[in-house]
1. What tally of residues in segment 99-117 results from selecting those that are out of contact with any Gly (no Cβ under 9 Å at 6 or more places or on another chain) and either within 21 Å of residue 160 (Cβ to Cβ) or β-branched (Val, Ile, Thr) (or both)?
2. Taking segment 105-140, which residues are within 18 Å of the chain's Cα centre (by Cα) and either of a type in the set (Lys, Arg) or buried (at least 17 other Cβ atoms within 10 Å of the Cβ) (or both)?
3. Take the residues of segment 57-76 that are free of Cβ contacts under 8 Å to residues at least 40 places away in the same chain and either crowded, with 20+ Cβ neighbours inside 10 Å or of a type in the set (Asp, Glu) (or both): which is nearest to residue 139 (Cα to Cα)?
4. Checking the condition farther than 20 Å from residue 120 by Cα and in a loop (DSSP other than H, G, I, E, B), which residue from 57, 6 passes?
5. Restricting the search to segment 111-137, which residues are farther than 12 Å from residue 85 by Cβ, in a helix (DSSP H, G or I) and not hydrophobic (A, V, I, L, M, F, W, C)?
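Just so it is clear, none of the values below were taken in a lab; they were calculated from the coordinates. All figures in this text were calculated on a predicted structure; none of them were measured in a lab. All Cβ positions, glycine included, derive from the backbone under ideal geometry; neighbour counts span all protein chains shown.
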Amino acid sequence: MQKYIGIRRYVSAPEMKEAYMSLGRNDENAAILLAQQRLYNEAVYMHIQAMEKKIKGYICGKINASNPYFSKKLRDIGHSLDVSIDFLIEILGGNNDALKSQLSVQLKSGVFENIRFSNLYNASRYPCYDPNGKRYSVLEIGREDYLKIANIGKKLDKFIEDFDRL
């Protein structure tokens, strides 16, 4: 007999925005607590998770999350902040290629500082094998790096707030 942990709470498509936003805020709070304990790798990981969930939440506020296309797209993103950013640009830009281009620059360069989060997401948690050097590397994230990622999270929050004012 299989056992389960926790109680599953079901939410409707219109409730998805707040569900993601709440989970994102929880991840951000966990990141802050981890950083206070100088667990910076873990804190950065949680900040990346928080940003990914906040973007998904914001997207859910702009789409019908029960639409099969959007539902599949959200699942296919997985935990990738980079892919979430691309989907956000697609949703906000619509069919306007010029707007998509402007949003891409504003988000990827301005808000996210051209950081490749998929690499950071994995490297913050796992050793990485370098086949050329035939060795492994382990990423050690310090306080300054943590603060940079935390600040990017704040810039994302401001972007979302400002975009909604338009």
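1. Of the residues in segment 99-117, 12 are out of contact with any Gly (no Cβ under 9 Å at 6 or more places or on another chain) and either within 21 Å of residue 160 (Cβ to Cβ) or β-branched (Val, Ile, Thr) (or both).
2. Within segment 105-140, 107, 108, 111, 112, 116, 117, 120, 121, 123, 124, 125 meet the criteria.
3. 76
4. 6
5. Correct list: 119, 121, 122.
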